[in-house]
Each structure stands twice: as structure tokens, then as C-alpha cells.
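A short worksheet on the structure shown next.
What follows draws every value from the coordinates through simple rules; no lab data is involved. Quick caveat: nothing in here was measured; it's all calculated off a predicted structure. Using ideal geometry, Cβ is built from the backbone for each residue, glycine included, and neighbour counts are taken over all protein chains shown.
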Amino acid sequence: MLQLGFLGTGWIGRNRMAAMLRTGEAEAVAICDPSDEMAAHGLEVAPGAVRVGSLDDLLACEPDGIVIATPSTLHSEQCIRALEAGASVFCQKPLARNAGEVSAVLDAARIADRLLGVDLSYRHTAAAQAIREVVRAGELGDPFAADLTFHNAYGPQSAWFWDASLSGGGCLIDLGVHLVDLTLWLFDFPEVVDARATLLREGKPLGHGQVEDYAIGEMLLANGVAVRIACSWNLNAGRDAVIEASFYGTAGGAAFANVDGSFFDFSAEMFKGTERQRIAAPPDDWTGRAAAEWVQRLAAGERFASSTSGLVETALVLDRMYANSRTRG
């Protein structure tokens, strides 16, 4: 039985903890959260665990792995400390605030030869998996365009999300990371020829020190696919969320979308001319699938070579979008 330590037991941390424990291959030995309320909720999920006061205390328990669900500014340092202590790591997205920090974490994982997982959870939806199979089978012909959207009618409540020095950016790094990752993953991480973005805050150009709550990004991939992404916080969307991805080729198209504004239910379809075919539909219990897969790989003895792929590639694209960004004036 794997022994795991959990750093951060907010909603996402607890959801992933529950998914990991349900595999039957891991137990929570210790949890750490500065909030008494969040820690208490964490102990409800893992009543056999003990609450400790710091990452050092978690590592002193000598766990097989550390699960990190803390603010983004802490991810790289916490991952590196855990890896250097000999623990494998599963971390919330984004792994870090920029490509330099991502590379440092990967270097630490490589040197320690420990499994590194990142919660890029939308890869694990049945809808995204079905579209990837369609693309790999060549059913789109030569793909040439992709259009991905993640609009959230709500926004982050924690202040650190709105501080670029802590978060690395606004909705683009928070939500756009999923869109960039999905695109590159679906096409097996081709070279990105160009990347740029338009960033806004409440419909206006960003002020000094502000982060964006609306972003449009563009990518040109070496395989010839032109990509547009759009994401936002606090959008007047008429529903909780708009999460969609469409892919077009010379022989067909494919798309997935959330159902009735849900954050959790997705359907996917394939297109031929005016005809469409459903290839995935709810129900699909996907939210903890990446976490459970990491536990299963760790239990099987897998190490660095089985870590999440494409982390630096996605981080580099986001860095380029921020570096090549413009605001509407």
C-alpha cells in the first residue's frame, strides 16, 4: 500500500485525494493545510491520516508520494523539495508559473528518478480521448484548424490568482493551460511556429500589475494547424461555463462541448459534411482520473520516464503568448 502525503486539502485537493484512495493502492498518512476548516474536511476523506504543520513535516513521514494542491507560486519549490527528499509528486496545474520553473521541476524529477504527475485532467475525459483516437486514425484527413474555448461565468476567490507575481498570469495560465495542453497533446506535441495573445481586464487594456480576465490566443503549429483559443473569468456567458473544442481537417471534423453549461458533463461528435455522429457522451466520472492513474503507475513501480508528457512545451507556448501579448486600446 502506497503511503501519500497531501499538501493542500481544498475542494480539488480533496477530490483528487478521494480518487487516489478509491484505487485501493494508496493510503493518506498525513495532510497539511493552513486552514483548520480545509484540514478538517481533508480528515473526513482520510480519517486515518494525521494533520501536520508543514511540508517538512509531511516529508518527515517518508511518504512514497506527495500530492500538491497549493497556490501556483509555491508549486515549483514544493515539487523540487519533495523530489529531492525522494518522494514522487502529483501536482495541480499549472506545474509552475513559467517554462523556467517547469524545467527546474523536471530536472529535479529526472535526477531523483521519481514519477512526476500533473493534473491536466481534461486529457482524461472520454470526449477528448475519443477525438484523439479520431485524429490518430486519420479520419479528419489533413487537419488545418482548431478552435478551443473555456469561459467561466465565475472567477477565483483567492487573492493570489489576481497577482501575476504569484499566479504567473490570469485566466490564460489558469484556464488556457488546459486548451494549449489539449491541442498539443491531441497532435502529439508538434513544434509551435508562432504564438501570441490579446489580453483584457473587464473589457479594457490591462493596467499596471493587472492580470487578464479575458484572453484570446493564437498558435500556428508546424503540422499546418492554425489554432485559436479563448478563455475568461466572470464572463456574462448565460450559463456556468462554455467549454468547447473543435478540430477541422480536409476529410472531416470533430468537436467536444460541455452539456447544458456543466463543468463536468461532455459530449463529443464527429462530422462529415452535414452529417454528425456521437462518439462520446455522459456520464463520465473523469475528474479524478489523472490522479488515480498516477497512483496506479506509482504502485507499478514507474519512475521519471513515465511522467506527464509535454509540460515544457505547453509552458513555452504560454510564455510566448504572454511575451507577444497585446491589449486592445
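Overview of results
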| read-out | value |
| --- | --- |
| Relative packing of peptides 47-59, 2-14 - highest average C-beta neighbours within 10 Å first | 2-14, 47-59 |
| Counting DSSP beta bridges with both ends in segment 171-329, the antiparallel % (nearest 5) | 95 |
| Environment charge of GLY170, counting only residues whose C-beta is closer than 11 Å and scoring Lys/Arg +1, Asp/Glu -1 | -3 |
| Cα gyration tensor category, rounded, prolate or oblate, for segment 175-259 with a/c compared to 1.5 | oblate |
| Projected area averaged over orientations for segment 170-213, convex hull of C-alpha atoms, nm² | 3.6 |
| Karplus-derived HN-Hα couplings along segment 60-65 (A = 6.51, B = -1.76, C = 1.60, θ = phi - 60°), whole Hz, x at Gly and Pro | 5, 6, 6, x, 6, x |
| Degrees, to the nearest 10: 11-22 long Cα axis against longest axis of the chain | 70 |
| Under-5 Å amide H pairs with VAL118, H placed in peptide plane, nonlocal only | CYS91, THR308 |
| Acute angle (nearest 10 degrees) that the helix 36-45 long axis makes with the longest principal axis of the chain, alpha-carbon atoms | 90 |
| Whole-Hz ³J(HN,Hα) from phi, Karplus 6.51 cos²θ - 1.76 cosθ + 1.60, for segment 104-110, glycine and proline x | 5, 5, 4, 4, 5, 5, 5 |
| Highest average packing first - 113-124, 20-31, Cβ atoms within 10 Å | 113-124, 20-31 |
| Degrees between helix 176-186 axis and first principal axis of the chain (Cα, 0 to 90, nearest 10) | 70 |
